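Taking it in order: structure first as structure tokens, then the write-up.
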Amino acid sequence: MTRRFLRMAIVLGLITAVGPFAVDMYLPALPSMGKSLEATPGAVQMSLMAFIIVIGICQLFYGPLSDIVGRKLPIYGGLAIFTIGSIGCALAPNVTILIAFRVLQAFGACAGMVIPRAIVRDLHTGHDATRLMSLLMLTVSISPILAPLTGSFVIAAFGWRGVFAVLTIAAIIAFILTATQLKETRPAEQRGESSWRSAFSAYGLLLRDGEFLGLTLVGALGISSFFVYLGSASFVLINHYGLTPKLFSLCFALNAASFFGFSQLTGTLTQRFGLPRVVRAAACCFALAMLSLAGLFAMGVDNLLALMAPLFIGYGFLGLVIPATAVLSLEHHGAIAGTASALMGSLQMIIGSAIMALAGLFADGSPKPMTFGIAACAAAAFLVTQFALRRPAANPSTL
């Protein structure tokens, strides 16, 4: 059982990680990319924003598509589109062309962001789904550790364009793994009642489901806290604290290591205490850590250790929140798992990108606006958790 879970988690994780890799890998180059393309920092950041926004919106397309035609065919198409977009980014002569191909790249990456969660729901529910989702989070979380560090070496050797060559290779590997290691988990007999009309009806049903929306929002606010960090970290750590791109990558990797390390405890903790209790406790600790972070900087503290220690602790507890809320939100929607996964992912990415853009209005290169934005997201996630889980769900995962 463990070996099968691990193999499936690695395959699904690598497919999912293609998109996050496309975000994290070129973060160390953001301050220097503008000089190469003769673009303003805002224009360079728009290449990141455009990618995230498109991923958020276009998941709504891939989810129903995977319910209608099966899981594998949309993954093939998405990876092919991602590859074309990566090649275009590598050859882009200016920032406008770069943003255009980033949009295409993001449209392809959407397939890998949404369909693996639906595959987890196809295969398992409850505790077993939590175990597989946690292992999936493990492989996905390796991306923020390896991607910036790998990107810094690639950029040093080949420039920022080399990053997109590596992403092209990663997409090809994911395509091969899909073809050779992944079985279709939604056979033809289960697709008979799925259609675009039923998908829109399902979206309406889900948008009226308070528990689904509440759990999705908890995950969205947790992800938003990381997006705020994502948008400002390279400027704060490199420009404000004077770190090199490689040291920045190592600091960035610490938070990802905390996230995936804690996420591996999710299966054990939920088996003992139940999903809702784990989510409540983890959301509380996540909020306390990030509010402490903001409090330190509000009092005038300004050093790297004061920044990194609370982030390490807070994002560790977020590693418990994200997989548990994902499993809970999909628990009762197995017949429309692709559509539900798409709406969950889309709402989370749209909310995350909107909050990142809002936080960007207050960014001044210092840590304080970033820490306040992160703390606000964490506090809101805790408050929404109290609403979303106000009544125990009547299913085995709560026992």
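A few notes on this one:
- Long hydrophobic helices in the chain, taken as whole DSSP H segments with a C-alpha length of 18 Å or more on their own axis and mean Kyte-Doolittle hydropathy at least 0.0: 2-24, 41-69, 72-91, 95-123, 126-158, 161-181, 210-234, 245-263, 275-298, 304-330, 337-362, 367-388.
- Length gained when the stretch I172-I57 is fully extended (0.36 nm per residue, less Cα-Cα span): 39.0 nm
- Applying 0.36 nm per residue to the separation of A157 and D302 and subtracting their alpha-carbon distance, the gain on full extension is 48.9 nm.
- Rounded to the nearest 500, the 222 nm mean residue ellipticity of the chain from helices alone is -28500 deg cm²/dmol, with -39,500 (n - 2.57) taken per DSSP H run of at least 4 residues.
- The fewest-to-most ranking of L358, L318, L48 by surrounding Cβ atoms within 10 Å reads L358, L48, L318.
- Each of the peptides 153-161, 57-65 was scored by the mean count of other Cβ atoms within 10 Å over its residues; in descending order, highest first, they stand as 57-65, 153-161.
- Shape of region 270-373, Cα gyration tensor, a/c cut at 1.5: oblate
- Potential extension, E189-L254 segment - 0.36 nm per residue separation minus Cα distance: 18.9 nm
- Of R272, R277, R7, R102, the sequence from fewest to most neighbouring Cβ atoms within 10 angstrom is R272, R7, R277, R102.
- When the chain is treated as a Gaussian network with alpha carbon springs shorter than 10 Å, the biggest mean-square fluctuation among T385, T325, T268 belongs to T268.
- FRET efficiency, L73 to A309 (Cβ-Cβ, R0 41 Å, nearest 0.05): 0.35
- 11 Å beta-carbon shell around P74, net charge (K/R +1, D/E -1): +2
- Taking packing as the residue-averaged number of other Cβ atoms within 10 angstrom, the listed peptides 68-74, 216-222 run from highest to lowest as 216-222, 68-74.
- Oblate is the label for region 310-349, because a/c, from the alpha-carbon gyration tensor with a ≥ b ≥ c as root eigenvalues, is 1.5 or above and a/b does not exceed b/c.
- Sequence ranges 81-88, 373-380, 180-187, ranked by mean other-Cβ count within 10 angstrom, highest first: 373-380, 81-88, 180-187
Coordinate-derived values only; no laboratory data. Since the structure is predicted, the reported quantities are computational estimates derived from the model, not experimental observations. Cβ atoms come from the backbone with ideal geometry, glycine included; neighbour counts cover every protein chain shown.
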